[in-house]
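The values are calculated or read from the model by the stated rules, or taken from the named source; none is laboratory data. Every value quoted in this text rests on a predicted model; they were computed, and no experiment measured them. Because the Cβ atoms are built from the backbone with ideal geometry, glycine has one as well, and the counts that use them run over all protein chains shown. Just the protein is used for accessible areas: all its heavy atoms, side chains included, with ligands, DNA and RNA removed. Shrake-Rupley method; radii C 1.70, N 1.55, O 1.52, S 1.80 Å.
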Amino acid sequence: MEIVVVGRHTEVADRFRRHVEDKLAKVQQLAPTAQRVDVEVTHENNPRLSGVRERVELTVRAKGPVVRAEAAADDRFGALDLAMDKLAERLRRARDRRKDHRNHTVVPPVDVRPYDPATHAAPPPPAPTAPSEPGEAVETTLGDSPVVIRQKLHTAEPMTVDDALYEMEMVGHDFFLFVDVETSRPSVAYRRRGWTYGVVALDTSCDCAQAPAEKTA
């Protein structure tokens, strides 16, 4: 299993890299098919955020769905421990789900973001304003404002609402964009309160690459 550690706005010491490798040893036990684990360390320079100035994001890429967890603390070792706890819990849930499917109805795993070594090579120099290939992320500044917009392009296969909710839980997000296999519509599943969820679908078949339609009064 390959472990890749990168830093955003910070340097990553060899001591921390070795600590990451030791901590991620249990990933192989919970996810035997894992091919790669991406570890992204981010440092926040704002003194008002000193309590969460170090953020660690873990992404496990295997043959099945991508599993992600992240956490922040005042030091990166503590953030790594918190993120590992979340990651281990999600990997256990993914393993239990696969067992349940084998014992009942066999459902092939949905891989919405397949691992591609070429995609995760060294990041290209900033130039494009929008991603052009799956897995590519592009950050742009909105005009003269301090607002930074990060865009990322993903490859998606149609899936059921149940699978979309599962994928959303695995990456720890509050929403998940997918294509509904029953309606072929672009849809978003989102978390509401407690164990309730919502789904919003777009009723459209237009080619958005074409020129926009004229507005009517």
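Calculate, in nm to one decimal, what residue 29 and residue 50 gain on full extension: separation in residues at 0.36 nm each, minus their alpha carbon distance. Show your work: numbers first, answer last.
Values: separation 21, 0.36 × 21 = 7.56 nm, distance 3.43 nm.
Length gained, residue 29 through residue 50: 4.1 nm.
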Theoretical gain in end-to-end length, residue 132 to residue 160 [0.36 nm per residue, Cα-Cα removed]: 7.4 nm
Fraction of accessible area attributable to carbon and sulfur, the range 4-67 (%, probe 1.4 Å): 44
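Let me check against my output: what whole-number percent is the relative contact order of the range 1-74, with C-alpha pairs under 8 Å and at least 6 apart?
On the way: 125 pairs, mean separation 21.7, N = 74.
Normalised by residue count, the contact order of the range 1-74 is 29 percent.
In whole percent, how big is the carbon plus sulfur part of the accessible area of the range 150-201, probe 1.4 Å, protein atoms only?
Of the solvent-accessible surface of the range 150-201, carbon and sulfur hold 54 percent.
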Length gained when the stretch residue 181-residue 36 is fully extended (0.36 nm per residue, less Cα-Cα span): 49.4 nm
Euclidean distance between Cα centres, the range 36-85 to the range 20-35, Å: 16
Pairwise label distance in nanometres, residue 150 with residue 192, each label 7 Å out on the Cα-Cβ vector: 3.0
Two-site FRET efficiency, residue 203 against residue 63, from Cβ-Cβ distance with R₀ of 35 Å, rounded to 0.05: 0.55
